[in-house]
Amino acid sequence: MAKNISKPLEDIPQIFIPYKEVMDLYESGLKVPDDVTLVWPDDNFGYVKRLSNTEEQKRSGHSGVYYHVSYLGEPHDNLWFSSTSPALMYEELNKVYETGGDRFWILNVGDLKGSEYSMKLFLDMGWDIHRFSFDNINKDEPQWLASIFGEKYHNDFTKICDQYYL
């Protein structure tokens, strides 16, 4: 046992997030204990950089995702408004889930304003990814907006969202 830890380390959940240059180290053969959860990051623009392969899917630690709807950095910042479409978020997070990424999901929101819906969608998918599909994903945001501003605007919100995410 480690100093100041009262139970065996293997009983304490642990994660490994190979973000940015650490991914290169992992890909070069860095060994991570089987019970540690591998948490795959996206590329800061909504595309998950890596999914668990067949061998990694057998790990007792499973895997998860570190996803961004806000980003400060190169090549350009994405801070003021979440531009990740619900369909892209569903596509990427569903791939994570289907390849064993069911253990740990974390979302980088940054400034909450402008990302409220994306945060809600991420949490809803984390709770029940099977509630969503490519057939219904584009209906979720207009429904959420109508629940806030009034059902009478539902059709307007549908048109606005469809136009925005074209």
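What follows draws every value from the coordinates through simple rules; no lab data is involved. Fair warning: this is a prediction, and the values are worked out from it, not measured in the lab. Neighbour counts run over all protein chains shown; Cβ positions are idealised from the backbone, glycine included.
A few remarks follow.
- Folded to 0 to 90 degrees: helix 86-98 orientation relative to the chain principal axis, Cα: 30 degrees
- Panel order for LEU107, LEU123, by other beta carbons found within 10 Å of each beta carbon, from fewest to most: LEU123, LEU107.
- Share antiparallel - DSSP beta bridges, the chain, percent rounded to 5: 15 percent
- Above 22 Å, the calculated P(r) of the chain contains 50 percent of its Cα-Cα pairs.
- Helix 116-127 and the long axis of the chain differ in direction by around 50°, with both axes built from C-alpha atoms.
- Legend: calculated FRET efficiency, SER28 to ASP102, from the Cβ-Cβ distance at R0 = 22 Å, rounded to 0.05, equals 0.25.
- Residues PHE157, PHE45, PHE16 arranged by fewest to most Cβ contacts within 10 Å: PHE45, PHE16, PHE157
- Modelled FRET efficiency - R0 45 Å, GLU55 with ILE148, Cβ distances, 0.05 increments: 0.50
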